[in-house]
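Below: the structure, in structure tokens.
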Amino acid sequence: MEMIKKDQLPIHAVDADILRESAMLFNPAGSKKNTLIDCSVVVIAKKIKADGVFSYDEFYTKHGLKPAEDLL
């Protein structure tokens, strides 16, 4: 909370372009655990060239992102 208050945590809003890219990635016939929000995380992480994500979900590694624990 302190980082947010001090503007030290980058926040990326899901706009129409990100939502469109997320929708292209989303597979409603796939796992019920992989939501449109997960797809948005992938799109934003790739846009900002994130090294990894704080998740254990294999969905992210399938899309080329590393779990944060692998970055330590």
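Rule-based calculations on the coordinates, nothing more; no lab input. These numbers were taken from a predicted model, which means no experiment stands behind them.
Against the longest principal axis of the chain, how steep is helix 36-47, in degrees 0 to 90 to the nearest 10, with axes from Cα atoms?
Taking Cα atoms only, the helix is inclined about 60 degrees.
Amide H neighbours of Val53 under 5 Å, at least 5 residues apart or on other chains, H built in the peptide plane: list them.
Lys66, Ala68
How big is the chain along each principal axis, measuring the range of its Cα positions in Å and listing the largest first?
In descending order, the Cα extents are 41, 31, 20 Å.
Taking Lys5 as the anchor, which lysines have their alpha carbon closer than 30 Å to its alpha carbon, excluding any fewer than eight residues away along the same chain?
Within reach: Lys46, Lys47, Lys49, Lys66.
Rounded to the nearest 500 deg cm²/dmol, what is the calculated helix-only ellipticity per residue at 222 nm for the chain, with -39500 (n - 2.57) per DSSP H run of length n ≥ 4?
On the way: 4 runs with 31 residues, N = 72.
After summing the helix terms and dividing by residue count, I get -11500 deg cm²/dmol.
5 Å is the cut-off here: which amide hydrogens, built 1.01 Å from N in the peptide plane, fall below it relative to Thr35, excluding neighbours closer than 5 in sequence?
Those qualifying (amide H under 5 Å, at least 5 residues apart or on another chain) number zero.
Could you go through the range 55-72 in sequence order and give the Karplus-derived ³J(HN,Hα) for each residue, using 6.51 cos²θ - 1.76 cosθ + 1.60 with θ = phi - 60°, rounded to whole Hz, and x for Gly and Pro?
Result, rounded to whole Hz: 7, 9, 6, 5, 3, 6, 5, 5, 9, x, 9, 9, x, 4, 4, 7, 8, 7.
Treating the angle as unsigned and between 0 and 90°, give the value, to the nearest 10°, between the Cα long axis of helix 16-25 and the longest Cα principal axis of the chain.
The answer is roughly 50 degrees.
Given a cut-off of under 8 Å on Cα pairs at least six residues apart, what relative contact order in percent is computed for the range 1-53? Please list the in-between numbers first.
On the way: 24 pairs, mean separation 16.8, N = 53.
Normalised by residue count, the contact order of the range 1-53 is 32 percent.
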